[in-house]
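What follows is a single structure, written as structure tokens, with notes after it.
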Amino acid sequence: MWNLYLPIAGNSINILLLLGLGGMVGFLSGLFGVGGGFLMTPLLIMVGIPPTVAAASDSNQIVAASTSGTYAHYRMGNVDFKMGLLLLVGGVVGGTLGVQIIKILRGLGNADFVIKITYVVMLGVVGSYMFVESLQSLRKKTAVEVRRAEPAKPSVYGRLLQKLPWHMHFEKSGVSFSALFPLSLGTLVGILAAIMGVGGGFIMVPVMVYLLRMPMHVVVGTSLFQILFTCINVTIMQAIINHTVDLVLAILLLVGSTVGAQVGARVSRRLKGDQLKILLASIVLLVMLQMLVSLILTPKLLLSYKGGH
Amino acid sequence: MTRFGLNEKKLAWLCLLLFVTLMPSGVQASVARLHLFPEQVEVGAFFQGTTVRLKGEVPPGSQVVVEILGTPKEQVLLRKGRRAGLWMTVGEIRVEHAPNLYLVLSSTKEIPSLEGRNAPWGFAALKSRIKFRGALTEPEIDRFFQEFLKLKESEGLYAALPGALSLSNEPQGPVKLEGVFPLPPKVAPGTYEVRLSVIQNGQVVDQKSHLLTVRLVGFPALLASLAFEHGAWYGILAVLIAIATGFLMGFLFKGKAEH
């Protein structure tokens, strides 16, 4: 009774299950500014959606969730459009480079090994660093505030940033440095995202926080803004080239995810930056652990369909 | 003839035996019958798999096998293996001549075999037709055929259902055949061959084929034609719907917050 046939996926799935999945991932998206592709696509494959359709339809639903999330954050003044556009341009360049790198690796026959190891290492490093840093920050809040209040002596990193050309001030983020900096970081994240086959939100967020030194709330809104455009591009390309976007699946997911994203954005506003970081770090570490376990345990089936993340 | 020790009487018996053995199926065609209910399966918005009923008639003393065969299609699968102690994809395997659906039903507790030759039905017969290429060696084919079966059985697209057909005990005349087979939600739109084989004394004495059509109707049909024939418009439509829903939810939540 609650099942709906998905014509492109070629399978019948429970409506409530899809609404629930969308809601959960949308909530995380609104809360942390991540697209949620690294969570949603494996979940969709688990419920019986072909991998290629899961990845493409997920991109489509991320368009809705990130529109909803970006809009919610924009109203709260949390979107740095200038920074977002620079990261986006870098991301597109990096994505193109990453696709070429994957082609070369596939030719050498060890692409999957590199992808899996990159995934586990990136999730592990990013998750652990964020977790430890946020925990320390939460414990020593007062000490951190005192340190911040001191007149800052520019570090080597800070001096290097100031020396680069095309200096720019980012009002919303309250930072000033060369436009080359977010452009090259965007490129780096784009390369990693293309290698791992994900949108890259969970790498971009820590990059914005720790390397671009943007406030956490602006990071979330700006990340969503950037993800929105990346996923629009992916959805249209997948629809034209592979015909793998299932609109029925995407609509069910996006109804759940847009509501979830709004709730997430509200909860995000109520939580402190460090609390948000520690929550995201925990989820990233959980995904890393799950992936590590799946790499160690013998799989039920030694064959699977091609496609997906 | 006498050189081979055959007289006229023996020759007549031999001719009769050859005639019966090599008899074209049309001779007994009047006895075996097969009907499907429904003959056409419609996949609409709320399709979640269905069952198809089989009815027919076969000669007394027969065993019956029914196969439901989809179109052979090349499939690319990923092979998992261990590298440096970790399980991951280690290559692609191309599977050729594998039907996209294969169900085999019988009136016996086991799928029947034939005397003196391999049965043309069942997973063993399927294995002889399917070709595996790519990241596997010749000795690994058996193992990966079993893995392929496990994958397909987990989706309900391949199944062996011995005893799924029942035969009535009619005192006279043809025996009535009945059975039901499941079509899983993952069944692809297309035409499927439903093939009835009648076996007597370990030999196939008759075969009948029927076509079963599975087709998309209503909203799924409209959406599939848009997706496959107008990909660019479909992609733009998908993005616009997503953006509109995103904004709509944004407005709805904004309104709620202001009250």
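Observations on the structure shown:
For (1) closer than 18 Å to residue B:182 by Cα; (2) within 12 Å of chain A (Cβ to nearest Cβ); (3) charged (D, E, K, R); (4) surrounded by fewer than 18 Cβ atoms within 10 Å (Cβ to Cβ), each residue gets a yes or a no:
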residue: B:86; (1), (2), (3), (4): no, yes, no, yes
residue: B:99; (1), (2), (3), (4): yes, no, no, no
residue: B:104; (1), (2), (3), (4): yes, no, no, no
residue: B:112; (1), (2), (3), (4): no, no, no, no
residue: B:117; (1), (2), (3), (4): no, no, yes, yes
residue: B:125; (1), (2), (3), (4): no, no, no, yes
residue: B:144; (1), (2), (3), (4): no, yes, no, no
residue: B:153; (1), (2), (3), (4): yes, yes, yes, yes
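For every residue, the table says whether it meets (1) modelled with pLDDT of 90 or more; (2) not hydroxyl-bearing (Ser, Thr, Tyr).
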residue: A:5; (1), (2): yes, no
residue: A:15; (1), (2): yes, yes
residue: A:21; (1), (2): yes, yes
residue: A:28; (1), (2): no, yes
residue: A:32; (1), (2): no, yes
residue: A:40; (1), (2): no, yes
residue: A:43; (1), (2): no, yes
residue: A:49; (1), (2): no, yes
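- Scanning segment A:39-98 for residues that are over 21 Å from residue A:214 (Cβ atoms) and of a type in the set (D, E, K, R) yields one hit, A:58.
- Residue A:120 being modelled with pLDDT under 85 and surrounded by 13 or more Cβ atoms within 10 Å (Cβ to Cβ): yes
- Residues of segment B:49-79 satisfying the condition of being surrounded by 14 or more Cβ atoms within 10 Å (Cβ to Cβ) and over 30 Å from residue A:5 (Cα atoms): B:56, B:57, B:58, B:59, B:60, B:62, B:63, B:64, B:65
- Of the listed requirements (1) more than 10 Å from chain B (Cβ to nearest Cβ); (2) closer than 30 Å to residue A:266 by Cβ; (3) in a helix (DSSP H, G or I); (4) not hydroxyl-bearing (Ser, Thr, Tyr), residue A:49 misses just one: (3).
- Long-range neighbours under 8 Å by Cβ, at least six apart or interchain, first residue over 12 Å from residue B:239 (Cα atoms) and free of Cβ contacts under 8 Å to residues at least 12 places away in the same chain within segment A:51-75, second of a type outside the set (Phe, Trp, Tyr) and part of a helix (DSSP H, G or I): A:71/B:246; A:71/B:250; A:75/B:250; A:75/B:254
- Residues that are surrounded by 17 or more Cβ atoms within 10 Å (Cβ to Cβ), within 30 Å of residue B:231 (Cα to Cα), aliphatic (A, V, I, L, M) and at pLDDT below 85 occur at least once in segment A:233-245.
- Test: residue A:223 is of a type in the set (S, T, N, Q), closer than 15 Å to residue A:73 by Cα, in contact (Cβ under 8 Å) with a residue 24 or more places away in the chain and in a helix (DSSP H, G or I): yes
- Filter pass, residue A:230 being at the interface with another protein chain (Cβ under 10 Å from one of its Cβ atoms) and either part of a loop (DSSP other than H, G, I, E, B) or of a type outside the set (Phe, Trp, Tyr) (or both): no
- Test: residue B:186 is within 14 Å of chain A (Cβ to nearest Cβ) and either modelled with pLDDT under 95 or crowded, with 20+ Cβ neighbours inside 10 Å (or both): yes
- Summed over segment A:186-232, residues that are of a type in the set (A, V, I, L, M), surrounded by fewer than 23 Cβ atoms within 10 Å (Cβ to Cβ) and modelled with pLDDT of 90 or more total 0.
- Scanning segment B:129-147 for residues that are of a type outside the set (D, E, K, R), part of a helix (DSSP H, G or I) and touching a residue at least 24 places away in the same chain (Cβ under 8 Å) yields one hit, B:144.
- Test: residue in segment A:291-309 that is at pLDDT 85 or above and within 19 Å of the chain's Cα centre (by Cα): no
- Some residue of segment B:41-49 being more than 23 Å from the chain's Cα centre (by Cα), facing chain A (nearest Cβ under 8 Å), aliphatic (A, V, I, L, M) and under 23 Å from residue B:182 (Cα atoms): yes
- Note on segment A:1-46: among residues that are small (Gly, Ala, Ser) and part of a helix (DSSP H, G or I), the one that is farthest from the other protein chains (Cβ to nearest Cβ) is A:20.
- Search result, residues across segment B:232-246 that are crowded, with 16+ Cβ neighbours inside 10 Å and within 7 Å of chain A (Cβ to nearest Cβ): B:234, B:235, B:236, B:238, B:239, B:241, B:242, B:243, B:245, B:246
- Set B:196, B:216, B:212: member being under 22 Å from the mean Cα position of the chain (by Cα), within 7 Å of chain A (Cβ to nearest Cβ) and crowded, with 16+ Cβ neighbours inside 10 Å: B:216
- Residues that are in a helix (DSSP H, G or I) and within 8 Å of chain B (Cβ to nearest Cβ) within segment A:267-309 comprise A:294, A:295, A:296, listed in sequence order.
- Counting only strands (runs of 3 or more DSSP E) that sit wholly inside segment B:162-259, those with at least 1 residues that are in contact with a Phe, Trp or Tyr (Cβ under 7 Å, 6 or more places away or on another chain) and touching a residue at least 40 places away in the same chain (Cβ under 8 Å) are B:190-200, B:203-216.
- Boolean, residue A:78 is within 14 Å of chain B (Cβ to nearest Cβ), in a loop (DSSP other than H, G, I, E, B) and surrounded by 18 or more Cβ atoms within 10 Å (Cβ to Cβ): yes
- Considering residues of segment A:247-265 that are facing another protein chain (nearest Cβ under 8 Å) and either outside any helix (DSSP H, G or I) or not β-branched (Val, Ile, Thr) (or both) only, the residue nearest to residue B:250 (Cα to Cα): A:262
- Applying a threshold of 7 Å to beta carbon distances and a minimum spacing of six or more residues, or different chains, the list of pairs starting in segment B:108-128 at a residue that is in the same structural domain as residue B:142 (by TED's automatic domain parsing) and part of a helix (DSSP H, G or I) and ending at one that is modelled with pLDDT under 90 and surrounded by fewer than 16 Cβ atoms within 10 Å (Cβ to Cβ) reads B:124/B:118; B:125/B:118.
- Failed criterion for residue A:68 (all others in (1) of a type in the set (Gly, Ala, Ser); (2) assigned to a helix (DSSP H, G or I); (3) over 29 Å from residue A:270 (Cα atoms) hold): (3)
- Qualifying residue in segment B:164-181 (condition: within 18 Å of the chain's Cα centre (by Cα) and closer than 30 Å to residue A:242 by Cβ): no
The values are calculated or read from the model by the stated rules, or taken from the named source; none is laboratory data. Just so you know, these numbers come straight off a predicted model, no measurement behind them. Positions of Cβ are generated from backbone atoms using ideal geometry, with glycine treated the same way; all protein chains shown enter the neighbour counts.
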